[in-house]
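To start, the structure itself, in structure tokens.
The values are calculated or read from the model by the stated rules, or taken from the named source; none is laboratory data. No experiment lies behind these values; they were computed from the predicted model shown. Neighbour counts run over all protein chains shown; Cβ positions are idealised from the backbone, glycine included.
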Amino acid sequence: MKDAPLYLRPRVDPPLASLLGDVPFLHSLVDVLGSPLNVLLPEVVAENAERFRSVYRRHHLVGRVYFAHKANRSSALVRRLAACDPAGVGIDVASLEELRHALSCGFTGDRVMATGPKDREFLWLAARVGATVNLDSVGELELLAQLVRTYGLGRVDVLARLSGFESDTGHGGAGTRVLSRRSRFGTPLAEADELWAALERHQDAVALTGLAYHLDTTGLEEKARALERCVLAMDECRARGLAPRVVDIGGGFGVGYVAEAGEWERWTTALSEAVLGARPSLTWRGHGYGLRNEGGTVRGAAALYPAHRPVAGPGYLDQLLSRTAPVLGRPPATLLLEHLNDLYVEPGRALVDQCGLSLARVLDVRPMDGDPTRHLVRLGMNAGDVSLEEHGVLVDPVLLPRGDSRDAAPDDGPVGVHLVGNLCLEADLITRRLVFLPRLPRAGDLLAFVNTAGYVSDFHAHHAQRQPVARTVAVTEEGGARHWCLDEDYWPLTHPQGVPS
Amino acid sequence: MRYDSITEAIGNTPLVRIDPSVHGLGNIDLYAKLEMLNPFGSVKDRPAWHMARPHLEEAAGGDGTVVELSSGNTAKALALLAGLHGLKFKSVTNRMRVPEIKELLLLLGAEIEELPGQSECLDPTDTDDPLTRFHQALSEPGSRYLHTDQYFNPRNVEAHAAGTGPEIVKDLDGQAPDWFIACVGTAGSSTGVAQVLREHDPQVRVLGLVADKSDFIPGIRTIDEVHQVGLFDPATYDSLASVTSQEAIDGMVTLIRRCGLLSGPTGGAAYQGAVRHLASVDAGLAGTGRRQSAVFIVCDRAESYLSYVRQRRPELLGRARRGPSVSSLTDSEIRAEARVIGVEDARRWTAEGDPRPLVVDLRGPHAYAALHIEGSVNIVDEMFEELVRTGLPFSRRTPVLLACPVGEKSLRYAALLTRMGHPDVRSLAGGIVAWRDAGAPLTRE
């Protein structure tokens, strides 16, 4: 039976679309720099930061947008953000090396937030350069206070990260209990008294500037509750004589990867049907992405990133700020304003939305054993270079034909392929999904994985089997001309190729 | 009619013919099975009672908790049944999308747990989905949970095979209808009724309606979600079709305004889906002299879905705004008519003015309690909005200083009050934030 191809075509906004349209340029880059290759558009990250800022303005809110550095290792993106308004854009670093990188890219210490698990060296440098430390626990506070006193570091601004909002019953009235995944980060609200006492005890070493949370969920309801609870906790802190001004609501604003809702809906429906055996498999060896067939009923949950998001990024923040909070009955934006709080956010994926793509050369194409309608397409990259599977992101690559083969073989039509990597490993699949392409690729063509700057392009890249790790280039446009340079050579100056004399 | 228990009033609901001039099907008699007339208000009364009965009779008066995955009518019926037997009821759900139903369940004494949303930073190797944990909790030794398990419990189907189905046949003078149209939620009613109708007449055609995938209709699952229902068997249905929330509301409005049936959106979806599907059947019957009959279920009533309708079709509830309102002022009118006063001048005015102004803080009561300008009164903006509709809430002789967080809302109200004839009302420029930033004093309750 011949099905219509189940495409999941990517959402491509104008700057990235224009780059993608310049096929000879992209081929020439890979010819020079090899496959795989990451291409970044640093200008887009600044535009995204501005979109978040405009949501702040709409709600009359003040505070910084902190880029969660862990989403991408690039220097170009961090340097471009460093050039943004210092009062509006900061950076969230989660390791000593990320902190050093941010400083070397032009961020001053006061624009840096140190998050995540921290060792002594990381804490020392953060305190030394005047970064804000997002405290994970009372233990970390004790360590920081001790370092400050021992090394004469001066008073450090800290945020206290809270968790465990679900079991909090202190401010009832919302009626229902909203369950949340438990986080191993942050101090549970139930133990907050101990935290406040420790903050008071260490007032000579640290100044509490605000409260923070980050919930790993797409659910607005859970986040609205946590935000409201933080607003109330801010008042408790003030009543104790502490002087916090900021609520930091973390990240998790999301990205829409797939352009059309219909394609996403058709594919996910087909996945259920395939799991039930009602249609041919859509995946490598019938993988169900977490769904399984138990006596004709689908059980389990699909471990898939919701790849079509009608509302994501700045729009999601806007919705979160606008919906009615469960206990106090006013929108979170109003609560923040009325309680005189600033707002911090830490978007990662959403801030680098549409900022880049990953290119891979097609090395080999052959029909699959036992099913000549499907093909194996081997790429000059491996699953570590675009970690789509690792994050459950499903989206098609874009085929960029090599110039001389573009008009050949007019009978070519849509075809289902399995994309396999360059490792000598059965499991090295770029995606387990059967990917449909508008025609069969040939060796020498490029596949462009779009929108990979958030966690996908370099998060899991490795040197296994001594395969090359992707180089990264930054592409800028000036006066209609496209320029590129290596990521490490990019600086946010006009005339990247030097000022014409 | 006299009963010993309200549970005896479950079932035996009317079957009402829809006037052909409403649906326009000239050759088909279309009947509505009014399940909304069950005592707890919906078709779910039957399976809830049938599933819970063995548990309840065993556990009555104990400390058990009836638990079910439900965000609507099953939860409603079970909450009432549990209360009737001195037990608690807990609903676990991620689908609590209609606020009135949530509040109604709380009124009925239900405890509600809402499941977490999908992970944003996904770990595909994490197989611990919230429902798995829910089922683990139920089967822990010593668990006091009585799980009715509506998506898998065969007694859900039985309730309809023993009640709804035979009632339809009886009311059609011992005949099964040619068509049965059902919305698919737990698949209990469609499966149970279809079984009985087919026993009477294997030719009965069953149309299952599912919700459009990107849409939400209370009580109806999408095509993917029905595959997760244990009672769902594709062989029950001759065909499956999808309906949208807009169609559901269209159908609901027709049933309400033309048929005198106070149906909710689920019944509306069934009606609209039925008429849409039967239109071509009707065309085929024209001129053959044959007539057919069709039955659909009106699942529940309209009252709980006002916010659902307001979200999707606000014009149906088009409340006319009355009295003066800030929304009637344009930005340029506001700029032209509102007086503002800076923080320094305002400080002097509140301290030395003769008379001193009344300071009105428009923020929420919690924010006000935490920090406010000494001597100010708190009238929350929403309440202020209502107050000014009926006239000026204070004397024209009392000057007024309005304060909000950043001086935006207060500016609008200053313009409005000026327009209403107040001679001296001023908006605090930059609001309480500017006041704080200027180092002016704020006090705590």
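Look at the stretch B:228-247 and say how many of its residues are in a loop (DSSP other than H, G, I, E, B) and over 30 Å from B:R313 (Cα atoms).
Selection size over the stretch B:228-247: 8.
Among the residues of the stretch A:115-132, the ones that are touching a residue at least 40 places away in the same chain (Cβ under 8 Å) and surrounded by 19 or more Cβ atoms within 10 Å (Cβ to Cβ) come to 2 in all.
Quick one: in the stretch A:236-258, which of the residues that are of a type in the set (D, E, K, R) and modelled with pLDDT under 95 is nearest to A:P310 (Cα to Cα)? Give the derivation first.
Start the filter on the stretch A:236-258 by keeping residues that are of a type in the set (D, E, K, R), which leaves A:236, A:238, A:240, A:245, A:248.
Remaining after also requiring modelled with pLDDT under 95: A:236, A:238, A:240.
Working: A:E236: 37, A:R238: 39, A:R240: 43 Å.
Residue satisfying both the conditions and the ranking: A:E236.
Name every residue in the stretch B:250-269 that is in contact (Cβ under 8 Å) with a residue 40 or more places away in the chain and among the small types (G, A, S), in order of residue number.
Just the residues of the stretch B:250-269 that are in contact (Cβ under 8 Å) with a residue 40 or more places away in the chain, to begin with: B:252-256, B:258-259, B:261-267, B:269.
Answer for the stretch B:250-269, where residues must be in contact (Cβ under 8 Å) with a residue 40 or more places away in the chain and among the small types (G, A, S): B:S263, B:G264, B:G267, B:A269.
Considering every residue within the stretch A:292-305, establish whether at least one is touching a strand residue (DSSP E or B) at 6+ places or on another chain (Cβ under 7 Å), within 12 Å of chain B (Cβ to nearest Cβ), on the phi < 0 side of the Ramachandran plot and not in a strand (DSSP E or B). Lay out the reasoning, then the answer.
If we filter the stretch A:292-305 for residues that are touching a strand residue (DSSP E or B) at 6+ places or on another chain (Cβ under 7 Å), which is where we start, we get A:292, A:299-300.
In the following step, the residues that additionally are within 12 Å of chain B (Cβ to nearest Cβ) were identified as A:292, A:299-300.
Narrowing further to those that are on the phi < 0 side of the Ramachandran plot: A:292, A:299.
Then keep just the ones that are not in a strand (DSSP E or B); that gives none.
No, that holds for no residue.
Take residues that are under 30 Å from A:Y305 (Cβ atoms) and tell me which of the strands (runs of 3 or more DSSP E) falling wholly in the stretch B:114-221 contain 1 or more. Please lay out each step first, then the result.
Values: elements: B:145-147, B:179-183, B:205-211.
Where strands (runs of 3 or more DSSP E) fall fully within the stretch B:114-221 and carry at least 1 residues being under 30 Å from A:Y305 (Cβ atoms), they are B:205-211.
Of the residues B:T390, B:T350, which single one is loosely packed, with under 14 Cβ neighbours inside 10 Å and hydroxyl-bearing (S, T, Y)?
Answer to the check: B:T390.
Give the residues of the stretch B:408-445 that are assigned to a loop (DSSP other than H, G, I, E, B) and either buried (at least 24 other Cβ atoms within 10 Å of the Cβ) or at negative phi (or both), sorted by residue number. Residues satisfying the conditions are B:E408, B:M420, B:H422, B:P423, B:D424, B:A429, B:A438, B:A440, B:P441, B:L442, B:R444, B:E445. Residues that are closer than 25 Å to A:L337 by Cβ and among the small types (G, A, S) within the stretch A:183-236 comprise A:G186, A:A192, A:A207, A:G210, A:A212, A:G219, A:A224, A:A226, A:A233, listed in sequence order.
Annotation note: of A:A427, A:A453, A:A448, the sole residue that is over 29 Å from A:D369 (Cα atoms) and not β-branched (V, I, T) is A:A453.
The single residue among A:A83, A:A94, A:A87 that is within 24 Å of A:R120 (Cα to Cα) and surrounded by fewer than 24 Cβ atoms within 10 Å (Cβ to Cβ) turns out to be A:A94. Number of residues in the stretch B:359-387 that are away from chain A (no Cβ under 14 Å), surrounded by fewer than 18 Cβ atoms within 10 Å (Cβ to Cβ) and not in a loop (DSSP other than H, G, I, E, B) equals 3. As a summary of the residue check, B:Y3 satisfies the conditions (1) part of a loop (DSSP other than H, G, I, E, B); (2) under 26 Å from B:S245 (Cα atoms) except for the one numbered (2).
If I ask for residues that are without any contact (Cβ under 8 Å) to a residue 60 or more places away in the chain and outside any strand (DSSP E or B), which ones from the stretch A:466-483 would you list? First the steps, then the outcome.
From the stretch A:466-483, those without any contact (Cβ under 8 Å) to a residue 60 or more places away in the chain are A:466, A:478-481, A:483; that's our starting set.
Of everything in the stretch A:466-483, those that are without any contact (Cβ under 8 Å) to a residue 60 or more places away in the chain and outside any strand (DSSP E or B) turn out to be A:R466, A:G479, A:G480.
Of all residues in the stretch A:309-343, those satisfying the criterion of being of a type in the set (G, A, S), assigned to a loop (DSSP other than H, G, I, E, B) and within 11 Å of chain B (Cβ to nearest Cβ) are A:A312, A:A325, A:G329.
Could you identify the single residue in A:L359, A:L363, A:L399, A:L376 that is outside any loop (DSSP other than H, G, I, E, B), more than 13 Å from every other protein chain (Cβ to nearest Cβ) and closer than 19 Å to A:A453 by Cβ?
Values: A:L363 fails: closer than 19 Å to A:A453 by Cβ; A:L399 fails: closer than 19 Å to A:A453 by Cβ; A:L376 fails: closer than 19 Å to A:A453 by Cβ.
Checking each option against the conditions leaves just A:L359.
Selection over the stretch A:51-74 of residues that are more than 14 Å from chain B (Cβ to nearest Cβ), part of a helix (DSSP H, G or I) and under 30 Å from A:D385 (Cα atoms) gives a count of 3.
Taken together, B:G24, B:G109 contain a single residue that is closer than 30 Å to B:V281 by Cβ, in contact (Cβ under 8 Å) with a residue 12 or more places away in the chain and surrounded by fewer than 17 Cβ atoms within 10 Å (Cβ to Cβ), which is B:G24. When you go through A:L199, A:L162, A:L220 one by one, which is the residue that is away from every other protein chain (no Cβ under 13 Å), within 26 Å of the chain's Cα centre (by Cα) and of a type in the set (A, V, I, L, M, F, W, C)? After ruling out the rest, the residue left standing is A:L162.
Check A:E236, A:E260 and return the single one that is touching a residue at least 60 places away in the same chain (Cβ under 8 Å) and over 24 Å from A:D92 (Cα atoms).
Values: A:E236 fails: touching a residue at least 60 places away in the same chain (Cβ under 8 Å).
On inspection, the qualifying residue turns out to be A:E260.
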